[in-house]
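Novice: Below is one structure. I have some questions about it.
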Amino acid sequence: MQNHPVYTDNDPQSELSTLNLGPTHPATHGVFQNVLQLDGERIVSGVSTIGYIHRAFEKIAEHRPFYQITPLTDRLNYCSSPINNMGWHMTVEKLLNIQTPKRVDYLRVIVMELARIADHIVCNGVLGVDTGAFTGFLYMMEQREAIYEIYEEVCGSRLTTNIGRIGGFERNFNSRAFDKLRAFLKSFPKTLKEFEGLFNRNRIFVDRTRDVAAVTAETALSYSWTGPLLRAAGVDYDVRAMNPYSSYEDFEFEVPVGDNGDVYSRFLVRNEEMWQSLRIIEQALVKLDKEPGDIFHADVPEFYLPPKEEVYNNMEALIYHFKIVMGEIPTPTTEVYHSVEGTNGELGFYLVNDGGRSPYRLHFRRPSFINYQMYAPMSRGMLLSDAIINMSSLNVIAGELDA
Amino acid sequence: MAAIPNEDIVKAIGDKFADAVTVIGEPYGLLTVESGREQIIDLLTFLKTDPSFKFTFLTDITGIHYPEQEKQIGVIYHLHSLTTNTRIRIKVFLADGDVHIPTATVLWEGANWMERETYDFFGVIFDGHPDLRRILNVDDMTAFPMRKEFPLEDPNRVDKKDFYFGR
Amino acid sequence: MSDIQLVDAPAGVEGAGFFATSLDKVIGIARSNSLWPLPFATSCCGIEFMATMASHYDLSRFGAERLSFSPRQADLLMVMGTIAKKMAPVLRQVYLQMAEPRWVMAVGACASSGGIFDTYSVLQGIDEVIPVDVYVPGCPPRPEAIIDGFMNIQELVKTESLRRRNEPKYQELLAKYGIQ
């Protein structure tokens, strides 16, 4: 972005026009408004307005018991709900000092990596659409349906999954889930290879994306960028590698980095992350074979809801059920920060607990919100068409942006 | 590099700021300190620039409200040292009616929207902030919705009768 | 050769070499099979709409693959996702910009009723600001449900009078929302 000349009001030839981009513009993929000052096709300045789908998550969370906050986290980054769900579960487990069995960790890793693939499919597919190539998007969406079918086997839901419970999963994975997972592992690499073949060396695509919206590592860090955007700028910060959670330390994977943080590097980084996710899932399947197949939650009866048959037939289960639902189990009065590698970066949960059934204060560190604030400053001097591509490669998810 | 032991940070802060910065504790290994608003920028600058700490990454800024405390409004900073993989949490408490605190945008560009969000939710005024406006809520809102006294549900609703909900 | 199905002919009078029916019905059939939807996608349901449009579910089977991002040319406003109070005036503006005949579909719990977000910042259903024809439940609805809602819209379009906008009942409805 440094290369473009910036015209100002004092330029004798300038005649600025104002363009209102959003909040409902087909090119914005969400509800954000940018009021741009244009000199011809070049952006002179921009003002971002957000909050068009502000839903007061943090306020609701103060009124809900811990286990009812999971459905709220679904709706943060709804392209990869399971990562949010499990990030939240792990935060509560950290608060309550619950140790999850290895098998639970590996199952979680599988679901979270599937979610990462599903999210990157949308982001890179849509980036293709915005540069004028619809085919790649349709190919990849077919594979996303396959991922959704695996979710359905695990939790019965497609998009807002509410997958898992505090302490593990609500039920064990059935054999169809594993069958579908294996089928996906077989078919997805072909599609991804084809997708890369369509784009990576495509002259039009490279011309449209190379050196567009390049960001230096210093700028990215100063704006607190995380995730694929920061990695595209050359900083190898990945929460999975740096502060492993859910037994990520048992897996072998690489953290791809880009060179100059432009749209093209972000695209390549996301593609490579999909390959790495596949690698992780394959390792997890091997590791699962060595674990006892009937464990799918930690043994914490005071926080994990018992199965319904037990509640009706077993006094102890009934008591626990009552205590959990009525919130009569004491929790530590303390505070905890836990972060996971969301698809857009470090997804953090800052939970202040006062010992009650619901959090005293819950704050989400939402990567989309933090990443997006650079959009208006970095658009200065950019062509309008480049700014559109830049927006889709930022992968800003409105639910996560506005909370 | 290995993580910095919390004792080293506590000692270094103690040497530099004496009693102005107090240690609250280290829940789950994350060192938490409390500072006054006069020292906060100095403290952040020290942590960011000190060559052995390098807390160069601002993870988050947020607020909290304790209505029963004398200093009701808290501002909470999370810093991360990416080179040593150490985190630190800093809290500043402000009295209601005088919720001014210097802005951290002088140190990190990314503090801009985090501070705007904190202002929007808690009414904390960050002195010297380049553009302190509401960010998520509508501009003409007068209350600060994350304060505890503000109701979750819209009080103006007429279609929701209490007896439908057993209240 | 794939199995191509034609729309059934409407009820009418048939004789040797002629077929007579009312103009309403013919136009209704034509309209219902070439609706131009305007996707007003704000959140999660918008992602499910993406799946509805993509190859697996393929809304183009119902003649609606041509999305109209301009409200001026759109027939059907599909509101998908939470509408915050900040967004409500924008939604209303978009509705006002649409030309008659226009239909509205509220997709998902949030658009229908506010859903789980019973908060100070969320509009409790878009029917507070614009009239709605079909509500699709679900959080988010599955693509099948969105398609079902769309088919209900088609049914409405098919059976509706051409002069709907002149009916007193319709005028009354719009007046209730303060729309002329």
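The values are calculated or read from the model by the stated rules, or taken from the named source; none is laboratory data. Keep in mind the model is a prediction, meaning the values are calculated, not measured. FYI the Cβ positions are ideal-geometry reconstructions off the backbone, even for glycines, and counts take in every protein chain you see. For accessibility, only protein heavy atoms count, side chains too; no ligands or nucleic acids. Shrake-Rupley method; radii C 1.70, N 1.55, O 1.52, S 1.80 Å.
Novice: Test B:Leu43 against the stated conditions and say whether it is within 21 Å of B:Phe122 (Cβ to Cβ) and in contact with a Ser or Thr (Cβ under 9 Å, 6 or more places away or on another chain).
Specialist: Values: within 21 Å of B:Phe122 (Cβ to Cβ): yes; in contact with a Ser or Thr (Cβ under 9 Å, 6 or more places away or on another chain): yes.
Yes: the conditions hold for B:Leu43.
Novice: For the stretch A:154-199, how many residues are within 23 Å of the chain's Cα centre (by Cα), polar (S, T, N, Q) and outside any helix (DSSP H, G or I)?
Specialist: Number of matching residues: 4.
Novice: Return the residues of the stretch C:41-60 that are open to solvent by less than 10 Å² (accessible area, probe 1.4 Å), hydroxyl-bearing (Ser, Thr, Tyr) and either assigned to a loop (DSSP other than H, G, I, E, B) or facing another protein chain (nearest Cβ under 9 Å) (or both); say none if nothing qualifies.
Specialist: C:Thr42, C:Ser43
Every residue, every condition in (1) on the phi > 0 side of the Ramachandran plot; (2) in contact with a Ser or Thr (Cβ under 8 Å, 6 or more places away or on another chain); (3) at pLDDT below 95, yes or no:
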residue	(1), (2), (3)
B:Leu82	no, yes, yes
B:Val99	no, no, yes
B:Gly128	yes, yes, yes
B:Arg134	no, no, yes
B:Asn137	no, yes, yes
B:Met146	no, no, yes
B:Phe150	no, no, yes
B:Arg157	no, no, yes
B:Lys161	no, no, yes
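Novice: Something else now. Residues of the stretch A:66-110 being within 20 Å of C:Phe49 (Cα to Cα) and either among the aliphatic types (A, V, I, L, M) or in a loop (DSSP other than H, G, I, E, B) (or both), which ones?
Specialist: Once the filter is applied, which keeps residues that are within 20 Å of C:Phe49 (Cα to Cα) and either among the aliphatic types (A, V, I, L, M) or in a loop (DSSP other than H, G, I, E, B) (or both), the stretch A:66-110 yields A:Arg75, A:Leu76, A:Asn77.
Novice: So C:Ser113 ticks every box in (1) of a type in the set (Ser, Thr, Tyr); (2) open to solvent by 10 Å² or more (accessible area, probe 1.4 Å); (3) at the interface with chain A (Cβ under 8 Å from one of its Cβ atoms) but one. Which box is left unticked?
Specialist: Condition not satisfied by C:Ser113: (3).
Novice: Which one of these is surrounded by 17 or more Cβ atoms within 10 Å (Cβ to Cβ) and in a helix (DSSP H, G or I): B:Phe53, B:Phe46?
Specialist: Answer to the check: B:Phe46.
Novice: Among the listed residues B:Phe17, B:Phe46, which satisfies the condition of being more than 14 Å from every other protein chain (Cβ to nearest Cβ), more than 30 Å from A:Val92 (Cβ to Cβ) and at pLDDT below 90?
Specialist: Answer to the selection: B:Phe17.
Rundown of residues vs (1) of a type outside the set (Asp, Glu); (2) open to solvent by 10 Å² or more (accessible area, probe 1.4 Å), yes/no style:
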site: A:Val235; (1), (2): yes, yes
site: A:Pro256; (1), (2): yes, yes
site: A:Asp259; (1), (2): no, yes
site: A:Asn271; (1), (2): yes, no
site: A:Pro292; (1), (2): yes, yes
site: A:Phe303; (1), (2): yes, yes
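Novice: Which residue, of A:Phe296, A:Phe322, is among the aromatic types (Phe, Trp, Tyr) and crowded, with 16+ Cβ neighbours inside 10 Å? It would help to see each step written out before you state the result.
Specialist: Details: A:Phe322 fails: crowded, with 16+ Cβ neighbours inside 10 Å.
So the residue among A:Phe296, A:Phe322 that is among the aromatic types (Phe, Trp, Tyr) and crowded, with 16+ Cβ neighbours inside 10 Å is A:Phe296.
Novice: Given the condition within 23 Å of A:Arg165 (Cβ to Cβ) and more than 14 Å from every other protein chain (Cβ to nearest Cβ), answer yes or no: does some residue in the stretch A:364-373 qualify?
Specialist: No - not one qualifying residue is present in the stretch A:364-373.
Novice: Can you tell me which residues in the stretch B:118-153 are of a type in the set (Asp, Glu), within 10 Å of chain A (Cβ to nearest Cβ) and over 19 Å from B:Gly97 (Cα atoms)?
Specialist: Keep residues of the stretch B:118-153 that are of a type in the set (Asp, Glu), which gives B:120, B:127, B:131, B:139-140, B:149, B:153.
From what is left, the residues that are within 10 Å of chain A (Cβ to nearest Cβ) are B:120, B:131, B:139, B:153.
If the condition is that a residue be of a type in the set (Asp, Glu), within 10 Å of chain A (Cβ to nearest Cβ) and over 19 Å from B:Gly97 (Cα atoms), then B:Asp131, B:Asp139, B:Glu153 are the ones that fit.
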